1. Can you tell me which residue among 294, 313 is in contact (Cβ under 8 Å) with a residue 24 or more places away in the chain, among the aromatic types (Phe, Trp, Tyr) and not assigned by TED's automatic domain parsing to the domain that holds residue 100?
2. State yes or no: is residue 315 part of a strand (DSSP E or B) and either under 21 Å from the mean Cα position of the chain (by Cα) or over 22 Å from residue 98 (Cα atoms) (or both)?
3. Just checking, does region 138-157 include any residue being closer than 30 Å to residue 266 by Cα, out of contact with any Leu (no Cβ under 8 Å at 6 or more places or on another chain) and not in a helix (DSSP H, G or I)?
4. When you go through (1) of a type outside the set (Lys, Arg); (2) modelled with pLDDT of 95 or more; (3) within 23 Å of residue 234 (Cα to Cα); (4) crowded, with 19+ Cβ neighbours inside 10 Å one by one for residue 111, which number turns out not to apply?
5. Please go through region 195-223 and give me each residue that is free of Cβ contacts under 8 Å to residues at least 40 places away in the same chain and touching a strand residue (DSSP E or B) at 6+ places or on another chain (Cβ under 9 Å), ordered by number.
6. Please work out which one of (1) over 20 Å from the mean Cα position of the chain (by Cα); (2) surrounded by fewer than 21 Cβ atoms within 10 Å (Cβ to Cβ); (3) not basic (Lys, Arg) is the condition residue 332 fails and give its number.
7. Pairs please, first residue from region 4-29 and closer than 15 Å to residue 346 by Cα, second anywhere and among the basic types (Lys, Arg) and part of a helix (DSSP H, G or I), Cβ atoms under 6 Å, 6+ apart in sequence or on different chains.
Amino acid sequence: MLAKGQTIIQYMEQFAPKHYAVPDDKIGLQLGTLQKQIRNVLVALDVTEEVVDEAIAKDVDLIIAHHAIIYRPIAQLTTDTPMGKLYEKLIKHDIAVYIAHTNLDTAEGGVNDLMADALELQDCTCLEEIHTDHLFKLVVFVPETDHEKVMQAMLNAGAGHIGNYSHCSFNSQGTGTFVPLEGTNPYIGSQGVMERVPEIRIETIVPQSIQRKVVQAMLKAHPYEEVAYDLYRMDLKGRSFGLGRVGKLQDALTLADLVERVKERFDVPQVRVVGDLKRDVRKVAVLGGSGSRYVKHALFRGADVLVTGDIDYHTAHDALAAGIALIDPGHNVEKIVKPAVAAMLQKKMEEHKYTTRIIASELSTEVFQFV
């Protein structure tokens, strides 16, 4: 059975939710339709003419790419321009294009985590916070006979995580009162009669991202027609997600040695470097894409070196004066995410018995030549 486009994107957005993206980022479906069955998906960094030809050759119905093909409003669509020809080819071959950009940078297991892992960074935190998963207190009142069933349904749905502890809740006994009115079909009691029922108040913590899932699980398990429950926004801060990562090497390296590791792990022939190659570095910041404006963030976080792409001349001078080293392996190192996303989605297809195939693009879209 083939998966529909909407189903595949649902799995993609569970991995890299849209609200993880920076404001006004060009993400989501940019061309075509998801209202169709998908034979093959191509995961790419960029959507170039060569990548579209690869997609056509592999009978691809959907491209999931990192970089947008539509950056600004289109005043007119003519097919005698490079981009117009690209859009025309995609439309003629019924290939949809979906973009996951800064939300994929931010996601757990996304671009920046993969870069940090490749360099063997430890104890990583975000370089810049973009989104906080706010915490809510969920309180529900349950008859004693159904307490365990409802509590486990909530906790198994993801509620009750505090730090490295799971299934956290507080339970207190009390008495619930109610009068079933005309038209009701009460689980306990009779119409028109005041009931006093031994109940347990269950309290637990729910992150905003799974609030609906937990509430639905609770309502499904609860025996009452009308469930009494409350949700309170908490001051306690939830998990934060953001761009870039900052972590430590297990052992200090010289900048020159780190350069060699960057070249090997990111499969790049050359890099641009700012700083003394003989200096020791231990705390490393990484950021996929263009990182010039994040040098100050890396400095603030105490990084010895920032590994990122597209560093401009004046920013490099400022970094040198401030004492932070820079390694620029180019924007294209974000290609590291292609096999990871393809593997994640392929696993989802297999788990749900779909025959849709997920393929990582084999083409390099590096625009620069090193001569």
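1. Details: 313 fails: in contact (Cβ under 8 Å) with a residue 24 or more places away in the chain.
Of 294, 313, the one residue that is in contact (Cβ under 8 Å) with a residue 24 or more places away in the chain, among the aromatic types (Phe, Trp, Tyr) and not assigned by TED's automatic domain parsing to the domain that holds residue 100 is 294.
2. Working: part of a strand (DSSP E or B): no; either under 21 Å from the mean Cα position of the chain (by Cα) or over 22 Å from residue 98 (Cα atoms) (or both): yes.
It is false that residue 315 is part of a strand (DSSP E or B) and either under 21 Å from the mean Cα position of the chain (by Cα) or over 22 Å from residue 98 (Cα atoms) (or both).
3. Residues of region 138-157 closer than 30 Å to residue 266 by Cα: none.
No, region 138-157 has no match at all.
4. (3)
5. Scanning region 195-223 gives 195, 196, 219.
6. (1)
7. Within 6 Å, the pairs are 11/348.
Per-residue answers, yes or no, for (1) farther than 15 Å from residue 307 by Cβ; (2) touching a Gly at 6+ places or on another chain (Cβ under 9 Å):
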residue: 215; (1), (2): yes, no
residue: 220; (1), (2): yes, no
residue: 223; (1), (2): yes, no
residue: 228; (1), (2): yes, yes
residue: 232; (1), (2): yes, no
residue: 238; (1), (2): yes, no
residue: 246; (1), (2): no, yes
residue: 249; (1), (2): no, no
residue: 252; (1), (2): yes, no
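The values are calculated or read from the model by the stated rules, or taken from the named source; none is laboratory data. Being a predicted model, the structure only gives us computed values, none of them experimental. Glycine gets a Cβ as well: all are built from the backbone with ideal geometry, and neighbour counts include every protein chain shown.
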